[in-house]
Amino acid sequence: MESKLKDILNRALSELKQVENMQELNEFKVKYLGKQGELTGILRGMREVPAEDRPKIGALVNEVREKLEAAFSEREQAFNKAELEKELQRSAIDITEPGKGHEKGALHPTTRMFNKLIDICVAMGFEVVEGPEIETDYYNFEGLNIPKNHPSRDMQDTFFITENILLRSQTSSVQVRSMEKLSPPIKIISPGRVYRNDSDGTHSPVFHQLEGLVIDENVSMADLKAMLTSMMKKVFGQSTKIRFRPSFFPFTEPSVEVDVSCPTCHGKGCKVCKGTGFLELLGAGVVNPKVLEMSGIDSKKYRGFAFGFGVDRFAMVYDGITDLRNMFKNDIRFLKQMK
Ligand code: PHE
């Protein structure tokens with residue numbers, strides 16, 4: 001029995017040396033250490049061993065088992081380590097490989113102009129107010145002294161949703177909402193998207209406006225002129241010249257259209273300003289007393305002035321962009337030039 005055990009031990013150890021992978025290792029375990037394995041077989045045969053020899057043989061079996069188990073787990077650990085190393089090598093980071101880099105984005109010219117204008121206005125004490133893009137006829141037209149069927153509605157080709165609901169054609173709608181809600185003195189700007197049924201090289205069905213409204217005692221056309229001159233110089237540079245021309249808007253009286261000297265040629269005349277040296281950039285005027293009254297503001301006590309900027313047009317002039325449609329195409333080649 002003793003020699004049989006020695007034989008098993010030697011055979012097992014030499015077989016273990018030949019084992020090449022995890023699967024063979026497991027087969028080895030079953031063969032020698034498993035329930036049906038050779039060592040268990042010996043224990044089962046103990047009955048035939050004389051009683052006085054049993055402790056000795058039993059101890060020997062345990063010794064052999066311990067040796068085999070130790071040898072087995074040593075091999076097992078070696079396999080595991082090799083496996084881990086293979087895995088680490090496979091997933092290793094090649095620190096010599098050149099980086100991929102990230103492309104930097106940029107703000108859209110209209111967004112940049114919005115930020116610039118809002119910053120300038122806020123520094124002058126204006127509060128920013130926003131309103132809905134889907135508007136009622138009242139806030140977009142009637143409350144601004146543009147009754148139904150009035151010919152001045154033709155100035156703005158409007159997208160109607162129903163007879164009384166429309167896509168706002170001007171952010172002036174926010175003026176009416178603010179005059180109803182706030183009490184004077186009022187000093188607000190309303191930036192936002194507006195819609196008109198128009199589409200060519202100089203008109204887009206969606207574009208952006210920033211409208212300003214000041215209501216207080218003793219404000220006048222002179223204040224409006226001073227404020228707009230100062231704003232335009234801040235946007236386009238101190239040497240900018242401003243020109244006021246009489247115009248008409250139903251909600252302001254008197255009304256003006258304001259020209260700014262061309263930032264590209266500084267008033268000399270070029271392609272951008274079509275040789276005139278000036279660009280027509282905004283509308284403004286003294287708020288019509290009727291508009292104040294409709295929103296419940298005492299027009300004997302208070303007066304106001306308002307102005308409206310076409311923000312996309314400002315951005316185009318500022319960045320030297322010639323076709324308005326580029327502003328809304330989201331063409332990455334165009335936007336990349338704008339960084
Ligand atoms: N809302 C006018 C437009 O869109 C612009 C404007 C605003 C004119 C405020 C005067 C005063 O054409």
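The values are calculated or read from the model by the stated rules, or taken from the named source; none is laboratory data. Values in this document were obtained by computation on a predicted structure and should not be read as measured data. Methodologically, a virtual Cβ is constructed for each residue, glycine included, from the backbone with ideal geometry; neighbour enumeration extends over all protein chains shown. These accessible areas exclude ligands, DNA and RNA; they are computed on the full protein's heavy atoms, side chains included. Shrake-Rupley method; radii C 1.70, N 1.55, O 1.52, S 1.80 Å.
Before moving on, here are some points about what is shown:
- Residues in the stretch 198-214 that are in contact with a Phe, Trp or Tyr (Cβ under 6 Å, 6 or more places away or on another chain) and part of a strand (DSSP E or B): 206, 210, 212, 214.
- Enumeration of residues in the stretch 1-41 that are assigned to a helix (DSSP H, G or I) and at pLDDT below 80: 2
- In summary, residue 154 fulfils each of the numbered conditions (1) open to solvent by 60 Å² or more (accessible area, probe 1.4 Å); (2) within 26 Å of the chain's Cα centre (by Cα) with the single exception of condition (2).
- Hey, residue 194 modelled with pLDDT of 95 or more, outside any strand (DSSP E or B) and either under 28 Å from the mean Cα position of the chain (by Cα) or more than 14 Å from the ligand (Cβ to nearest atom) (or both) or not: no
- Tally, over the stretch 154-185, of residues that are farther than 17 Å from residue 206 by Cβ, outside any loop (DSSP other than H, G, I, E, B) and either away from the ligand (no atom under 12 Å from the Cβ) or of a type in the set (Asp, Glu) (or both): 7
- From the list 314, 307, 278, 249, the lone residue that is away from the ligand (no atom under 15 Å from the Cβ) and surrounded by 15 or more Cβ atoms within 10 Å (Cβ to Cβ) is 278.
- Of everything listed in (1) in contact with a helix residue (DSSP H, G or I) (Cβ under 7 Å, 6 or more places away or on another chain); (2) more than 30 Å from residue 176 (Cα to Cα); (3) not acidic (Asp, Glu), the single unmet condition for residue 295 is (2).
- Scope the stretch 205-226; condition away from the ligand (no atom under 12 Å from the Cβ) and crowded, with 19+ Cβ neighbours inside 10 Å; matching residues: 215, 219
- Filtered residues of the stretch 132-153 (kept if in a loop (DSSP other than H, G, I, E, B), within 22 Å of residue 206 (Cβ to Cβ) and more than 13 Å from the ligand (Cβ to nearest atom)): 132, 133
- Meets criteria (open to solvent by 10 Å² or more (accessible area, probe 1.4 Å) and either near the ligand (Cβ under 10 Å from one of its atoms) or among the small types (Gly, Ala, Ser) (or both)) for residue 269: yes
- A single member of 129, 122 is aliphatic (A, V, I, L, M), at pLDDT 95 or above, in contact with a strand residue (DSSP E or B) (Cβ under 9 Å, 6 or more places away or on another chain) and crowded, with 17+ Cβ neighbours inside 10 Å, and it is 129.
- Test: residue in the stretch 281-297 that is within 24 Å of residue 231 (Cα to Cα), open to solvent by 10 Å² or more (accessible area, probe 1.4 Å) and among the charged types (D, E, K, R): no
- Taking each residue of the stretch 292-307 that is closer than 10 Å to residue 215 by Cβ and looking for partners that are among the aromatic types (Phe, Trp, Tyr) and within 16 Å of the ligand (Cβ to nearest atom) with beta-carbon atoms closer than 9 Å, six or more apart or interchain, yields 306/249; 306/251.
- Some residue of the stretch 322-335 being away from the ligand (no atom under 16 Å from the Cβ), open to solvent by less than 50 Å² (accessible area, probe 1.4 Å) and within 27 Å of residue 173 (Cα to Cα): yes
- The set of residues from the stretch 166-204 being among the β-branched types (Val, Ile, Thr) and exposed (fewer than 13 other Cβ atoms within 10 Å of the Cβ) comprises just one member, 202.
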